[in-house]
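Have a look at the structure below, then the notes.
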Amino acid sequence: MKRKLALFDLDHTLIDGDSDVSWAQFLIEEGVLHPQEYHAKNLWFAERYKDGTLDIHEFLDFQLAPIARRPREQLDAWHQQFMQRKIRPIIHERTPELIAEHAGALQALVTATNRFITAPIAAELGIPHLIATDIEEIEGEFTGKPRGVPSFREGKIARVEEFLSARGTCLADYESWFYSDSLNDLPLLERVDHPVAVDPDTTLRAKAEERGWEIISLKS
């Protein structure tokens, strides 16, 4: 019998929102970012993600700039408040139930959002492994640049295989599930045994219906 692997997207899948957008909104509320300028750009990138035209490197330059060169103690203090105000209230009520259904599997959160934002969220959800966009650090400070392959579109496949290779396995060794809401995740959804569309966007819903993939909702 094959081992089991359960992979979960984060934004608009396990949570009712986008952690990237929520983080920027939090920094605006804290007075760290200029509201008009940053909010508009933040929403513009969110729309590019939704319509499948996002340039991940352009977005990362924008999204990582606010945390570059800031003391880690300050960033961690902000993140604690961010979790309380922005993330815990938008975790779907049925998310813990879905994760629990795969209690016997190797579980990983697979997200394009950077590791700084998402590591505490993965811990909050009880998902032991995180595959996220990594950030370059020098002497304990973020530089504002990504490190390695961003965990986005085809990059998610590369990062999942890298994660499994470090364990001496590959995707084909597992009976695998991937849960996502987004057309951007079609490459990885097409690679797993059990692709599941979760409250999917219009494009993913059409693809899922066409291919007979399971469609579920975590919204109450």
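The values are calculated or read from the model by the stated rules, or taken from the named source; none is laboratory data. Values in this document were obtained by computation on a predicted structure and should not be read as measured data. Ideal geometry is used to build each Cβ from the backbone, glycine not excepted, and the neighbour counts take in all protein chains shown. Only protein heavy atoms, including side chains, enter the accessible area calculation; ligands, DNA and RNA are left aside. Shrake-Rupley method; radii C 1.70, N 1.55, O 1.52, S 1.80 Å.
Rolling a 1.4 Å probe over the protein heavy atoms leaves Ser182 with an accessible area of roughly 0 Å². For the range 1-41, the dipole from Cβ point charges (+1 on Lys and Arg, -1 on Asp and Glu) about the Cα centre works out to 520 debye, to the nearest 20.
Phi angles across the range 65-75 convert, under the Karplus curve 6.51 cos²θ - 1.76 cosθ + 1.60 with θ = phi - 60°, into 3J(HN,Hα) values of 4, x, 9, 5, 6, 8, x, 4, 4, 5, 4 Hz, Gly and Pro given as x. The GNM of the chain, with springs linking C-alpha atoms under 10 angstrom apart, assigns the highest mean-square fluctuation among Asn184, Asn114, Asn42 to Asn42. Each residue of the range 107-122 was assigned a 3J(HN,Hα) from its phi angle through the Karplus curve 6.51 cos²θ - 1.76 cosθ + 1.60 (θ = phi - 60°); the sequence is 10, 8, 8, 10, 9, 6, 5, 5, 5, 4, 5, 8, 4, x, 6, 4 Hz, with glycine and proline shown as x. Pairs with C-alpha atoms separated by more than 26 Å, drawn from the list Lys50/Lys86; Lys2/Lys219; Lys2/Lys50, are Lys2/Lys219; Lys2/Lys50. Amide H contacts under 5 Å for Ile91: Asp16, restricted to partners 5 or more places along the chain or on a different chain, H placed in the peptide plane at 1.01 Å from N. When both the range 171-197 and the range 5-38 are represented by their alpha-carbon centers, they are found 23 Å apart.
Ordered by solvent-accessible area of protein heavy atoms (1.4 Å probe), largest first, the residues Thr53, Thr169 come out as Thr53, Thr169. Residues whose amide H lies under 5 Å from that of Leu130, counting only those 5 or more places away or on a different chain, are Leu109; hydrogens are built 1.01 Å from N in the peptide plane.
Evaluated at q = 0.15, 0.23 Å⁻¹, the base-10 log of the normalised Debye intensity for the range 11-80, with identical point scatterers placed on the Cα atoms, takes the values -0.52, -1.15. Mean-square fluctuations from a GNM of the chain, with a 10 angstrom spring cutoff on Cα atoms, peak among Val198, Val160, Val32 at Val32. Please return the longest range in the chain lying between exposed loop sites, taking GluC sites (Glu not before Pro), DSSP loop only, at most 16 other beta-carbon atoms within 10 Å, and leaving the sites out. By the stated rule (loop sites, at most 16 other Cβ atoms within 10 Å), 31-92. The HN-Hα couplings worked out from phi for the range 202-209 by the Karplus form 6.51 cos²θ - 1.76 cosθ + 1.60 (θ = phi - 60°) are 4, 5, 5, 4, 4, 5, 5, 5 Hz, whole numbers, x standing for Gly and Pro. Here the dipole of the range 24-123 is about 200 debye; that uses its Cα centre as origin and unit charges on the Cβ of Lys and Arg (positive) and Asp and Glu (negative). Which of rounded, prolate, oblate describes the range 53-167, given a ≥ b ≥ c as roots of the alpha-carbon gyration tensor eigenvalues and a/c under 1.5 marking rounded, otherwise prolate only if a/b is larger than b/c? Oblate shape, in that a/c is at least 1.5 and b/c is the bigger or equal ratio.
Based on the Kirkwood approach, the hydrodynamic radius assigned to the range 123-220 is 15.1 Å, with every pair of different Cα atoms included. Provide the net charge surrounding Pro71, with neighbours chosen by a C-beta distance below 12 Å and charges set as Lys +1, Arg +1, Asp -1, Glu -1. Result for the neighbourhood of Pro71: -1.
For the range 167-220, the C-alpha radius of gyration sits at 1.18 times the compact-globule guess of 2.2 N^0.38 Å, with N the residue count.
Per residue, the accessible area of the chain comes to 47 Å², computed with a 1.4 Å probe over protein heavy atoms only. Nonpolar atom fraction for the chain, defined as the carbon and sulfur part of the 1.4 Å probe accessible area, stands at 49 percent. Over the chain, dividing the summed -39,500 (n - 2.57) contributions of all DSSP H runs of at least 4 residues by the number of residues returns a 222 nm mean residue ellipticity of -12000 deg cm²/dmol. For the residues Ala105, Ala46, Ala206, a GNM of the chain with alpha-carbon springs under 10 Å puts the largest fluctuation on Ala206.
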